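Report on one structure; see the data block that follows.
The values are calculated or read from the model by the stated rules, or taken from the named source; none is laboratory data. Just so we're clear, the structure is a prediction, and the values are computed from it rather than from any experiment. We place every Cβ from the backbone using ideal geometry, glycine too, and count neighbours over all the protein chains shown.
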């Protein structure tokens, strides 16, 4: 069974705080991991990709990958109200060209 | 900045009718994808396409669905005989490489089957 699991939330954080979003996946052979942001009624927008264990930072965003635990996370530092959206975790499972999305975590940043 | 475009933005059809959803991927991308998202649910993979053929497809992508790249720019999804449960947002995406593939999504086509 190919699964990508996320807490649906909602997750609420005050403006300026760190938001932490988590994702687990079922296929140990997965190689590529992505975080997308989706505003209501809009298409997914790529935030970050990560392929190797450890941390990857891009501006206010940090992705963390732990393949042994089958876990990937996204940290958003200095959260802004404009970060309020649903965050989708996506995984390229197996070695093929097939991608699975989690159900998403709804984030609200309170001014 | 280049972007994926999709037409129409909204398509209304009667059950049993055929629909074709159109996409123009980013010009230097080689991998193309269709996803659907039923209202309130997760994004679901339908099919990936490379070198003029399907490379992967999900269980959702049954014989009612087909994809085509009729020319050098368009990428289409055809649903032969629509059902009520095909009502969803359909997203096209494109990317430059297979495994470590950052995909960029179009704005979507909302399909409503009556």
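The listed residues are B:90, B:50, and the only one of them that is farther than 14 Å from residue B:19 by Cα, within 14 Å of another protein chain (Cβ to nearest Cβ) and in contact with a strand residue (DSSP E or B) (Cβ under 7 Å, 6 or more places away or on another chain) turns out to be B:50.
Annotation note: of B:80, B:69, the sole residue that is over 23 Å from residue A:51 (Cβ atoms), more than 9 Å from chain A (Cβ to nearest Cβ) and surrounded by fewer than 16 Cβ atoms within 10 Å (Cβ to Cβ) is B:80.
Looking across the range B:21-40 at every residue that is surrounded by fewer than 12 Cβ atoms within 10 Å (Cβ to Cβ) and without any contact (Cβ under 8 Å) to a residue 60 or more places away in the chain, the one that is nearest to residue A:4 (Cα to Cα) is identified as B:40. One residue stands out among those in the range A:4-34 that are within 11 Å of chain B (Cβ to nearest Cβ) and within 10 Å of the chain's Cα centre (by Cα): the one that is surrounded by the most Cβ atoms within 10 Å (Cβ to Cβ), which is A:33.
Before we move on, is residue B:54 in a strand (DSSP E or B) and under 21 Å from residue A:101 (Cα atoms)? Taking the combined requirement at face value, the residue satisfies it. Being farther than 19 Å from residue A:101 by Cα, over 11 Å from the mean Cα position of the chain (by Cα), modelled with pLDDT under 95 and more than 11 Å from chain A (Cβ to nearest Cβ) is a condition met by no residue of the range B:12-25.
The requirement of being more than 14 Å from chain B (Cβ to nearest Cβ), surrounded by 15 or more Cβ atoms within 10 Å (Cβ to Cβ), in a strand (DSSP E or B) and modelled with pLDDT of 95 or more is fulfilled nowhere in the range A:86-101; no residue meets it.
Among the residues of the range B:53-66, the ones that are free of Cβ contacts under 8 Å to residues at least 12 places away in the same chain and within 14 Å of chain A (Cβ to nearest Cβ) come to 4 in all. Evaluating residue A:110 against the criteria (1) more than 14 Å from chain B (Cβ to nearest Cβ); (2) touching a strand residue (DSSP E or B) at 6+ places or on another chain (Cβ under 6 Å); (3) surrounded by 15 or more Cβ atoms within 10 Å (Cβ to Cβ) leaves one unmet condition, (3).
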